[in-house]
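Chemist: Got a structure here, written out as structure tokens. Questions coming.
The values are calculated or read from the model by the stated rules, or taken from the named source; none is laboratory data. Just so it is clear, the model here is predicted, and its values are computed rather than measured. Surface areas here come from the heavy atoms of the whole protein model, side chains and all, with no ligands, DNA or RNA. Shrake-Rupley method; radii C 1.70, N 1.55, O 1.52, S 1.80 Å.
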Amino acid sequence: MMNSSQLDALPINHLTTSVPKKTQQTSSLLAYRFMIFYRFILALIGGYVLASLSAVVIAQYFAESRGNAAMSATLIAFTLWVCAFIWVFIVNKTLKASLGIILPSIFLFVIYKFLGN
């Protein structure tokens with residue numbers, strides 16, 4: 001009879017099929033690159049949309065002095081775009097980054113339509 005120490009020493013052949021390590025590394029590398037590319041596009045286009053909508057809303061809200069409103073809105077929008085671009089890459093989850101850009105953009109669009117256009 002075999003005791004448990006002898007059973008532990010017996011070689012075990014795994015009959016399960018597993019993906020080769022090189023293929024796993026390649027697929028995870030492609031997924032990582034796609035995630036970075038998606039975040040870059042989100043930061044670039046989503047940040048621009050967020051910044052331009054904020055500029056329009058700020059300029060419409062302070063329409064009494066058009067020159068100051070346009071200049072202030074442009075400076076705030078540029079700062080917001082840079083902050084959004086940085087924030088997209090700082091956030092841990094891609095879904096949180098997407099929602100953090102898309103939801104404020106929708107909110108600003110609703111305010112833009114509410115203010116008269």
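Chemist: How many angstrom lie between the Cα centre of the range 20-72 and the Cα centre of the range 77-92?
Modeler: If you average the Cα positions of each part, the centres end up 7 Å apart.
Chemist: Just to verify a number: what accessible area does LYS96 come out at with the full protein assembly present, 1.4 Å probe, Å² rounded to tens?
Modeler: Approximately 130 Å² of LYS96 is accessible to the 1.4 Å probe.
Chemist: Sequence gap at least 6, Cα distance under 8 Å: using those rules, report the relative contact order of the range 14-117 to the nearest whole percent.
Modeler: Numbers: 70 pairs, mean separation 35.2, N = 104.
Relative contact order here is 34 percent.
Chemist: How much length would be gained if the chain were fully extended between ILE106 and THR79, taking 0.36 nm per residue of separation minus their Cα-Cα distance, in nm to one decimal? Please list the in-between numbers first.
Modeler: Numbers: separation 27, 0.36 × 27 = 9.72 nm, distance 1.91 nm.
Separation in residues times 0.36 nm, less the Cα-Cα distance, equals 7.8 nm.
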